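Any read-out appearing in this document is the output of simple, stated calculations on the displayed coordinates, not a laboratory observation. Worth saying up front: this structure is predicted, and the values here are computed from it rather than measured. Quick reminder, even Gly has a Cβ in these numbers, built from the backbone with ideal geometry, and neighbours come from all protein chains shown.
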Amino acid sequence: MSKELANLVFPNIDKTPEYYEELYPKRNLSDGAVVTRFAPSPTGFIHIGSLFTANFASRFARQTNGVYYLRIEDTDGKREVEDGINVIINGLKVFDVKFDEGPVDENNQVGNYGPYIQSQRKEIYQAFAKSLIEKGLAYPCFCTEEELDKIRERQEKLKIRPGYYGEFAACRKMSEAQMIERINNGEKFIVRLKSPGNPNKKVRYTDLIRGVIEFPENDQDIVIIKSDGLPTYHFAHAVDDHLMRTTHVIRGEEWISSVPLHLQLFEMLGFELPTYVHMPTIMKDDNGSKRKISKRKDPEAAASYYKENGIPKEAVLDYLLNILNSNYELWRKENPKASSFDFVISPEKISVSGAMFDLVKLADVSKNTIANFTAEEVYTQGLEWAEEFDKELAELMKKYEAFTKGILNIERTGTKVRKDIAKWSDLRDNLEYLYDEVFFEKEHEDEWQNVTDKETIKAILEEYLKVYDENDDKDTWFNKMKDVSEKFGFAREVKEYKKNPESFKGHVGDVSTVIRVALTGRRNTPDLYEILKQLGRERIVKRFERI
Ligand code: GLU
C-alpha cells in the first residue's frame, strides 16, 4: 500500500537509495582523516563567522589528510543572488581557504560526490523521501497556510509549544486511501517526516567542542520536501552529508537545537552519524555588553571588509586563529615567520562561550604580522591595495620604487623592529612625507619653532651639510652630530644637559630634531641616520635649502 502512495507522490523517481549508496561509495582515506565541508547559501555575502568556521574546517581537514569540500545550499530561492557562487569561492580564496571538491565556478564542479549544488540534487533527495514514504516513515501533508495558522492560534491559546506534532499533526492521522484520493484529485502537498520521537525522552550526543549535550527527543513532523520539490535544510543535511561521506559536520552553534531532529533523521534513514562540531558565534563588545556581530550594524561582519580596509589576510588569519585556539598567540611569537599552516589546531581548545572579536586587538595583531613581512612584501601588498584604494599613493610608490622599499626596510630587521603599520592605508602616513611631491607642498614651521630660534636652525643646517658624508658609518655620523651640537651651544650628551640645563641651549637630541624636521617635516620618524641615507645628498640639500 505505501508503495502505491510513494509512487503517486514521486511518479518520476525510479532510483533507489541503494543506487546512490553504490554511486557514492565510502571514501578510501587513512584513519583519522576528516571529511568536512563548507555549506553556504549563495547570498552574495561572507560573514566573518563563516570565515572563522571555514578557516578552522579547512585546516582541520588538511591537517588530517582529509577532504574539504564546498556544497552550495541553494534550496531557498529567496535568499540567493546572481553570481553568489563566485562570491563565495573568490571571497574565501583571498583567505587561503581552498576546496578539494565542489563547484569551481558557476558552471564547473570537481569531485566524485557531486553534484555539489543542492538544486541539482532534487532527484536524490526525492529518492530518499520516496523510500521513507514506502516504509511508512513519511507522508504527504495537504494542510493549507490557513489551516497551519489555525493550529498555531490554538497552540497559542492553550499556551503550548508550537509546531506540527502529536494531535496537531492533522494529515498524519489520515488513511493512505484518503491521501491517495486527495493526490488523485490534484490537491497540492508537501512531504513530512513521521516522527517517532517522544519529547519526554532524552537523546544525547557528544559535540567535539562542547562535550555531551542532552535534549528532549524530536516529535515534530517536520517538512522534508517542500512544495517546489526541493528539500528543507534538515533533510538535505542528512542526505548530503551521508552521501558525500562527511565525517565531521562543522557549522555554527545556531544549529545545536536542531541536533535531536538530525539524529532522528539519520537513524530513520539508516545512516551512520557524523561527528558534530558546533562553532561559537563571533561576538563583539558594544559599550560594555557582549552581543553577536551583526551584518546590519557592523561593517567588520563582512569578510570583504578586511581587503577594502587594507588589513592583510595574514593578519586576519592570525587573529582568527588567536580566537580559535588561545595557544596560537604564543606559537606565533615563537615562530614569527612560519606559515600559519604549520600550527596544529585542536578542536578541543575552541572556547564554547562565544568568540570575542575586537578590531583594536586585530590592529595589534596586524602590526605584528606586518612587522614580520619583508620590505619587498610590504611594498608588493601595499601597492596592490593602493592600486585599488589610493591611486595617488600607488603612483608615488611606483615612481620611487627603490626609495620606497629602502624606507620600508628601515628598522625591519634586528632587535628593534618597527611596528607602525596596522593596515595598508597607514602606508600613506608612513611614506608620503618622504616623497618630494608631498613634502614640498606643506609648510612645517610649527613642528620646530620651539626647538630653537630660526637663525640657529639655519646655522645648524648649514654646518651639518658641510660635515655630512654619505659614507659615514652610524658612529661617525653620530659623533659629527655631537660636534655640530657642541659648536652651537648644545650638549653632546643628554645626561650632560640634564645635569646643567642652564649652560646649554639644548642637547644633541634637539639638534637631531632640527635636522629631522627640516628633512621630513615631522618630529617622529624611523631612524634618522637611515632616512638620510635613503634620501641621499641631493634631496637633503634641496630640503635644507627651503629653509
Ligand atoms: N546552509 C547552512 C547555513 O547557511 C549551512 C549549515 C551547515 O553547515 O550545515 O547556515
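Going by the alpha-carbon gyration tensor, a ≥ b ≥ c the square roots of its eigenvalues, is the range 377-451 rounded (a/c under 1.5) or, if a/c is not under 1.5, prolate (a/b greater than b/c) versus oblate? Since a/c reaches 1.5 but b/c is at least a/b, the shape of the range 377-451 is classed as oblate.
Here each label is just a point 7 Å from Cα along the line to Cβ, and for Glu167 and Leu273 those points are 3.2 nm apart.
For the range 397-434, list residues with backbone N below 12 Å from a point placed 7 Å from the Cα of Lys337 toward its Cβ? Residues 413-414 fall inside that zone. Over 20 Å between C-alpha atoms is what I'm after, so list which of Lys307/Lys349; Lys361/Lys419; Lys122/Lys188 land there. Checking Cα-Cα distances, Lys307/Lys349 exceed 20 Å. Given R0 = 60 Å, the distance between the Cβ atoms of Val360 and Leu23 translates into a calculated FRET efficiency of 0.70.
How large is the Kirkwood hydrodynamic radius of the chain, in angstrom, based on all distinct alpha carbon pairs?
Answer for the chain: a Kirkwood hydrodynamic radius of 28.5 Å.
Computed extension gain for Thr415 through Asn90, at 0.36 nm per residue and net of the alpha carbon distance, reaches 113.2 nm. Which whole-number percent is the relative contact order of the chain (Cα, under 8 Å, 6+ apart)? The normalised contact order for the chain reaches 11 percent.
Per DSSP H run of at least 4 residues, take -39500 (n - 2.57); add these up for the chain, divide by its residues and hand me the 222 nm value, nearest 500 deg cm²/dmol.
Numbers: 23 runs with 243 residues, N = 547.
Roughly -13500 deg cm²/dmol at 222 nm, from the helical runs in the chain.
Rounded to the nearest Hz, the phi-derived 3J(HN,Hα) couplings of the range 205-211 under the Karplus curve 6.51 cos²θ - 1.76 cosθ + 1.60 (θ = phi - 60°) are 8, 10, 8, 4, 8, 9, x, where x marks glycine and proline.
What FRET efficiency comes out for Thr144 versus Val212 if R0 is 35 angstrom and r is the Cβ-Cβ distance? Round to the nearest 0.05.
Values: r = 42 Å, r/R0 = 1.19.
E(calc), rounded to 0.05, equals 0.25.
By the rule of a C-alpha distance below 12 Å, with chain neighbours fewer than 8 residues away ignored, the aspartates and glutamates paired with Lys423 are Glu308, Glu314, Asp364.
Between Glu401 and Lys135, the modelled labels are 6.6 nm apart [label points 7 Å from Cα along Cα→Cβ]. Is the shape of the range 8-96 best called rounded, prolate or oblate, per the rule: a/c under 1.5 gives rounded, else a/b larger than b/c gives prolate, else oblate, with a ≥ b ≥ c the square roots of the Cα gyration tensor eigenvalues? Oblate shape, in that a/c is at least 1.5 and b/c is the bigger or equal ratio. Full extension of the chain between Asn184 and Lys3 yields a length gain of 63.6 nm, computed as 0.36 nm times the residue separation minus the alpha carbon distance.
Here Ser351 and Tyr305 are evaluated by their C-beta separation; at R0 = 25 Å the FRET efficiency comes out at 0.60. Whole angstrom only: what separates the Cα centroid of the range 34-94 from the Cα centroid of the range 484-537? Taking the Cα centre of the range 484-537 as reference, the centre of the range 34-94 is 56 Å away.
Expressed as a rounded percentage, what relative contact order does the range 1-159 have, with Cα pairs under 8 Å and six or more residues apart?
Numbers: 188 pairs, mean separation 44.3, N = 159.
Answer for the range 1-159 is 28 percent.
Of the cross-linked pairs Lys201/Lys292; Lys201/Lys295; Lys173/Lys202; Lys135/Lys159; Lys297/Lys405, those separated by over 27 Å at the C-alpha level are Lys201/Lys292; Lys201/Lys295; Lys135/Lys159; Lys297/Lys405.
Beta bridges assigned by DSSP with both partners in the chain are antiparallel in approximately 55 percent of cases. Taking amide H atoms as placed 1.01 Å from N in the peptide plane, the amide H of Asp207 lies under 5 Å from those of Val212, Ile213, each 5 or more residues away in sequence or on another chain. Label zone of Asp31 (point 7 Å out along Cα→Cβ, amide N under 18 Å): in the range 63-103 this covers 64-66.
State which helices in the chain qualify, where a helix is a whole DSSP H run, it must extend 27 Å or more along its own axis by its Cα atoms, and its mean Kyte-Doolittle hydropathy must be at least 1.6.
Passing helices, by number: none.
Given an 8 Å cut-off on Cα distances and at least 6 residues of separation, report the relative contact order of the range 345-420 as a percent. Please report the intermediate quantities before stating the final value.
Details: 33 pairs, mean separation 27.2, N = 76.
Answer for the range 345-420 is 36 percent.
Approximating the spin labels as points 7 Å out from Cα along Cα→Cβ, the Asp436-to-Lys498 distance works out to 4.2 nm.
Semi-axes of the equivalent ellipsoid of the range 424-511: what are they in whole Å, largest first, if each equals the square root of 5 times a C-alpha gyration tensor eigenvalue? Walk me through the numbers on the way to the answer.
Details: eigenvalues 145, 59, 40 Å².
Taking √(5λ) for each Cα gyration eigenvalue gives 27, 17, 14 Å.
When peptides 344-356, 231-243 are ranked by their average number of other Cβ atoms within 10 Å per residue, the highest-first order is 231-243, 344-356. Assign one of three labels to the range 7-47, namely rounded, prolate or oblate, based on the Cα gyration tensor with a ≥ b ≥ c the square roots of its eigenvalues; rounded applies when a/c is under 1.5, prolate when it is not and a/b is larger than b/c, and oblate otherwise. Since a/c reaches 1.5 but b/c is at least a/b, the shape of the range 7-47 is classed as oblate.
At a 10 angstrom cut-off on C-beta neighbours, averaged per residue, how do the peptides 111-122, 466-477 rank from highest to lowest? Numbers along the way, then the final one.
Details: 111-122: 17.7, 466-477: 11.8.
Going from most to least packed, we get 111-122, 466-477.
Stretching the chain fully between Asn108 and Leu465 yields a gain of 121.9 nm (0.36 nm per residue, less the alpha carbon separation).
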